[in-house]
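Below is one structure; the comments refer to it alone.
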Amino acid sequence: MSCTIWLVGVADAESERLVAQFSQRGFKVLVFPDGKAAFNGFDASLPDMLVIAASLPDMAASQLCQRLRLNSVTRGIPVVVLTHAADAVVEHEVLGRGADACFPLNGDPAFLMFRICALLRDYDEETPARENAVFRQPSVAVVTAPGGALWSWRGGGNAGVPLLVELLQQDGESVKLIDDPDRLDFSAHPVGPHPSDCVVVDLGCPLFDGLALARTLVAMRRRNRQCIRVLGMAERGQVSSHLAVIAFGTGIDDLVDADISPDLLLARIGSLVRRKILQDEMRREDAHIESARARMALADALRRVNADLAAANRKLIEAQAKLVQSAKMASLGELAAGIAHEFNNPLAFVLAHEGTVNRSITRAMQAVREGDMQGAESALTKSQERLASSFVGLSRMRDLVASLRRFSRLEEGEFTRLDVPEALAMVLMLLAPKLGQEIRVVCHLDAPPELFCQAALVNQVVMNIVSNAADAILEKRRENKEHLSPVVEEDSIEISSCLEPRQGEEEGQDYVIRISDTGPGVPENLQERIFEPFFTTKPVGSGTGLGLATAYGVVQAHGGSIVVTNAREKGGACFTLRVPYRAVEERRSDYAA
């Protein structure tokens with residue numbers, strides 16, 4: 001494991017042995033002489049584990065553990081306490097104060113390594129990373145000056161500083177002494193960018209007004225939104241209810257008399273610091289709650305966005321259906337001249353035969369009046385033949401109208417049973433004027449006749465591809481005539497269908513329709529672009545670029561694919577349509593009434 005272990009307060013001989021043992025395992029080991037040095041080291045980096053002696057030069061191991069657990073940054077660091085020998089009482093105490101394990105120095109080193117690795121493994125799996133965490137050691141500021149009650153408390157210190165500063169330093173606290181009256185205006189915060197957790201103010205110093213100073217501190221606390229605690233020390237015998245009311249009004253959190261004992265004063269300061277740290281934790285928890293609420297609001301917004309996207313998707317599907325319908329109408333507009341010609345020929349034929357039939361009937365009636373039965377029979381026979389021919393033309397018009405009605409209906413987006421050969425026949429009937437006598441259509445339909453799909457799969461997709469193939473063939477024939485190249489007497493378009501195993505690892509079959517032609521084909525650098533909207537290879541004004549794009553969308557709606565390649569044998573383009581095939585139940589011949 002590439003983890004860092006700190007040895008704190010361990011004797012030199014034992015420290016060297018443990019460093020060698022841990023280094024052999026792959027750990028990085030740092031050695032600190034006492035608890036204060038370890039806490040100072042937290043400002044630079046955090047270890048993965050602490051191994052500390054039961055008795056440190058400056059504090060007890062239980063005290064160090066307790067202070068570690070007060071801070072959220074160091075709360076999750078595993079702590080192993082080393083004792084000289086197995087002692088159940090000591091182990092119970094250190095474990096109760098927050099240690100994770102207690103191990104005697106004369107114990108089995110392998111068991112010690114087991115405990116360390118187990119603790120580090122749990123830490124790696126359950127505790128989040130702390131790269132961005134910042135540790136700030138709790139600090140206390142002491143504001144006093146020579147002549148004040150706090151400066152001379154308990155006879156003062158030995159190094160020209162108040163005794164309280166020495167006691168706090170011995171207790172491992174970070175202490176800052178403010179003894180210059182010129183700095184007591186707090187124009188710049190005296191504790192620097194990181195405010196102290198507790199400020200002890202001397203209320204009995206003649207060089208400054210302690211209550212006014214406390215009031216300034218409280219105002220700065222509100223402005224900076226900090227939870228700094230303020231403890232005031234009054235002169236001996238000056239603590240009264242009246243002073244307490246005044247101190248409370250200024251914002252002081254605790255008030256003590258100069259007669260207080262050192263242990264009790266340190267406990268009171270520790271209580272304020274602990275309360276401040278806990279309050280900071282509560283504020284952070286509130287921030288986490290607000291963050292959770294913000295995430296919930298974001299989730300709600302995301303749900304609303306998803307609902308909007310679903311609505312937009314429905315509108316997109318509707319727009320696609322309208323686009324398919326528009327493309328169909330555009331195809332009909334393109335074929336309008338040929339369809340009008342298909343109507344005009346049988347219509348002119350019927351109208352011409354109508355005059356012939358009228359004249360034949362008139363002659364038959366005249367022959368009957370004259371008694372010429374043979375002439376009447378001949379005229380009626382001619383009328384019958386003309387009527388039969390007219391019926392053929394009218395049937396052609398009826399079939400063409402029926403095909404147009406089926407082709408132009410709006411139910412293209414619904415999945416239903418489709419008779420593929422019948423739909424192909426209808427499409428080819430509409431395209432017959434464009435195909436003419438020069439292009440022959442050959443069908444090899446080996447797939448089942450019925451397919452559960454959208455009607456647009458044949459009515460729009462196949463029609464667009466066949467229509468484009470006819471345009472390409474006719475354009476090729478015109479270019480050959482212009483360049484005096486030999487022209488093929490008959491070009492062809494081949495339509496085939498079959499069932500093939502589904503591509504990839506999925507089970508099932510694909511319904512495959514291939515449409516190939518003898519045209520010029522599609523250049524390889526354009527084969528991936530022809531399905532893009534508004535992309536066309538036709539001359540300006542001859543194409544919209546929406547036909548194949550619409551066809552691509554229809555095939556995608558079926559969960560299928562459409563690709564184009566160039567045919568190897570006859571040349572020209574080859575379009576391959578693949579859609580999942582679902583067997584259609586046989587139609588029932590008997591329907592319940």
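Suppose we keep only residues that are over 42 Å from the mean Cα position of the chain (by Cα) and of a type in the set (Gly, Ala, Ser) within segment 248-293. Which one would you say is modelled with the highest pLDDT?
Among residues in segment 248-293 that are over 42 Å from the mean Cα position of the chain (by Cα) and of a type in the set (Gly, Ala, Ser), the one modelled with the highest pLDDT is ALA258.
Hey, can you tell me all the residues within segment 10-36 that are in contact with a helix residue (DSSP H, G or I) (Cβ under 7 Å, 6 or more places away or on another chain) and aromatic (Phe, Trp, Tyr)? Outline the logic, then answer.
Looking only at segment 10-36, we keep the residues that are in contact with a helix residue (DSSP H, G or I) (Cβ under 7 Å, 6 or more places away or on another chain), and these are 10, 21, 25, 29, 31-32, 35.
Across segment 10-36, the qualifying residue is only PHE32.
VAL522 versus (1) within 19 Å of ALA557 (Cβ to Cβ); (2) part of a loop (DSSP other than H, G, I, E, B): which is the lone unmet condition?
It fails just one condition, (1).
Is it true that PHE415 is closer than 20 Å to VAL555 by Cα and at pLDDT below 80? Before you say what the answer is, go through the steps one by one.
Details: closer than 20 Å to VAL555 by Cα: yes; at pLDDT below 80: yes.
When the stated conditions are applied, PHE415 passes them.
Answer yes if at least one residue in segment 139-155 is in a strand (DSSP E or B), surrounded by fewer than 20 Cβ atoms within 10 Å (Cβ to Cβ) and either in contact with a Lys or Arg (Cβ under 7 Å, 6 or more places away or on another chain) or modelled with pLDDT of 80 or more (or both), and no otherwise. Walk me through how you get there before you give the answer.
Residues of segment 139-155 in a strand (DSSP E or B): 139-143.
Now drop any that are not surrounded by fewer than 20 Cβ atoms within 10 Å (Cβ to Cβ), which leaves 139.
Adding the requirement that they be either in contact with a Lys or Arg (Cβ under 7 Å, 6 or more places away or on another chain) or modelled with pLDDT of 80 or more (or both) leaves 139.
Yes, segment 139-155 contains at least one residue that is in a strand (DSSP E or B), surrounded by fewer than 20 Cβ atoms within 10 Å (Cβ to Cβ) and either in contact with a Lys or Arg (Cβ under 7 Å, 6 or more places away or on another chain) or modelled with pLDDT of 80 or more (or both).
Out of all the residues in segment 427-445, is one or more under 30 Å from ARG314 (Cβ atoms), at pLDDT below 85, surrounded by 13 or more Cβ atoms within 10 Å (Cβ to Cβ) and not small (Gly, Ala, Ser)? Step through it out loud before you land on a result.
So the first thing to find is which residues in segment 427-445 are under 30 Å from ARG314 (Cβ atoms), and the list is 427.
Checking which are at pLDDT below 85 leaves us with 427.
Filter once more, so that each one left must be surrounded by 13 or more Cβ atoms within 10 Å (Cβ to Cβ): 427.
Filter once more, keeping what is not small (Gly, Ala, Ser): 427.
Looking for residues that are under 30 Å from ARG314 (Cβ atoms), at pLDDT below 85, surrounded by 13 or more Cβ atoms within 10 Å (Cβ to Cβ) and not small (Gly, Ala, Ser), one finds at least one in segment 427-445, hence yes.
Taking segment 233-261, which residues are loosely packed, with under 13 Cβ neighbours inside 10 Å and assigned to a helix (DSSP H, G or I)?
Across segment 233-261, the qualifying residues are SER241, HIS242, VAL245, PHE248, GLY249.
The values are calculated or read from the model by the stated rules, or taken from the named source; none is laboratory data. None of these values were measured; they are calculated from a predicted model. Note that each Cβ is placed from the backbone with ideal geometry, even for glycine, and that neighbours are counted across all protein chains shown.
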